[in-house]
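For reference, the structure discussed in these notes is given below.
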Amino acid sequence: MINKFKNIKKSLNPLLFDLIFGVLAALFFSAFIYFEHIGITLKLLNTLFAILSLAFFLYMPKRAILIAGLFIGILWFYWIGYSFEYNGVGYLTPFIAIIFALIYMLFFGVLALTDKVYIRAILIFALSFFEPMDWNWLQIELIFVDSYIGVLKYQLAVVLLALSLPKYLRGAYKYAPLFLIILAFNFAPQTQKDAPLKIKLVSTDITQDIKWKEETLTPTLNMAFKEIQSALESNYDLIVFPESVFPLYMNKAPSLLEKLSELSKDITIVAGSLMIENNTNYNVTYMFENGNYQVAKKLVLVPFGEYIPLPKFAQKIINDTFFAGASDFKTATKPTDFIIKGVKFRNAICYEATCKELYEGDVDFLIATSNNAWFAPSIEPTLQKLLMRYYARKNGVTIYHSANYLGTGIIK
């Protein structure tokens, strides 16, 4: 393969060659996200593109690797700065996109430290364990999530081995190692069960610019009670609302708590809200059942969204400069499990549904709630769904996801 690259390079300007192959590598590496975003799932094409993207990283020139990393950062994470608009610092949006492009240029750039294919293969495998700035939404194995290849680490290692060996073989069997890729196919997927309950997942579409306005509260409450009544009439066991569907500090609204508790005598209600406790803010999920309620605090916060993953002095400077002195949210110390009508569900709020910590232990079912309106319109809900699918399949978990904007559904 390296010889083919060299032959093509002779006929092109070196910079143009590197640009073409860098962009192609980024497009192959990202294509499955955009296919999913427009509602297309082509396992064969996803498999071929995933293999090609890894082959490019193993064999293409150093400068092309930097270009590929730059474009991957843009294609995957151009949307991250969108949420800054709602904190009054929307002018930072393009700078955030540039920062993430540079971060992933450096992330993949370590491959450009060597021309040796076997070392690059080792480095790619090592990068699959690395999360820059606590941000874990680029999982290298994710490129296989809707392909014939499995998402486990050993399957990534097998693909890298198969793609690397032809560099070191000669003769008629030079490309025979490519058949090793068959060993990475997902022949024995994890078993994923359906919860033995009738569950209604509520999808809302409340834009972020009005979500927290006082005049929006009454229509939102009316919508929620209408959904509950409809679920009751249809004999649902459980209704799940999105993250922060009740845009207030629920523990400071006793009449609302009382009304939801009363309704929970006939149907279990899971809904997102906020909690303030000892002058500390929490992003929480309430579970109402049989006239009582339980609160689950968020375990994993969103880097740069709910906390700043930097030393304390830097956190204070950034919060004071860009977020009007607002402090970071606080977290729980362990995941919360709800026992709903005798069935155990792990609770996850938005970002943490895409974190390995939430899948540790005995987990068959997970309730995830999200507010994706922070990033509308973008591919963020699609990438989130793919990541949840990745963790669901990797761990044999079925996810019941309720979202504001896009993403509501059962994920397996």
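The values are calculated or read from the model by the stated rules, or taken from the named source; none is laboratory data. No experiment lies behind these values; they were computed from the predicted model shown. Backbone-built Cβ (ideal geometry, glycine too); neighbour counts: all protein chains shown. Note: areas computed on protein heavy atoms with side chains; ligands, DNA, RNA excluded. Shrake-Rupley method; radii C 1.70, N 1.55, O 1.52, S 1.80 Å.
Data for the structure
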| item | result |
| --- | --- |
| Any hit, region 157-169, residues being open to solvent by less than 10 Å² (accessible area, probe 1.4 Å), free of Cβ contacts under 8 Å to residues at least 40 places away in the same chain and over 21 Å from the mean Cα position of the chain (by Cα) | yes |
| Region 251-306: number of residues that are among the acidic types (Asp, Glu) and either open to solvent by 40 Å² or more (accessible area, probe 1.4 Å) or in contact with a Lys or Arg (Cβ under 6 Å, 6 or more places away or on another chain) (or both) | 4 |
| Number of positions in region 362-375 that are touching a residue at least 24 places away in the same chain (Cβ under 8 Å) and either open to solvent by 40 Å² or more (accessible area, probe 1.4 Å) or within 20 Å of Ser30 (Cβ to Cβ) (or both) | 4 |
| Single residue of region 213-250 satisfying the filter (part of a helix (DSSP H, G or I) and acidic (Asp, Glu)) that is least open to solvent (accessible area, probe 1.4 Å) | Glu227 |
| Some residue of region 105-128 being free of Cβ contacts under 8 Å to residues at least 24 places away in the same chain, touching a Phe, Trp or Tyr at 6+ places or on another chain (Cβ under 8 Å) and part of a loop (DSSP other than H, G, I, E, B) | no |
| Residue in region 391-412 that is most open to solvent (accessible area, probe 1.4 Å), counting only those that are polar (S, T, N, Q) and in contact with a Leu (Cβ under 7 Å, 6 or more places away or on another chain) | Thr408 |
| Qualifying residue in region 101-120 (condition: surrounded by fewer than 19 Cβ atoms within 10 Å (Cβ to Cβ), farther than 28 Å from Phe185 by Cα, modelled with pLDDT under 95 and not β-branched (Val, Ile, Thr)) | no |
| Residue match in region 12-25 (condition: of a type in the set (S, T, N, Q) and modelled with pLDDT under 95) | yes |
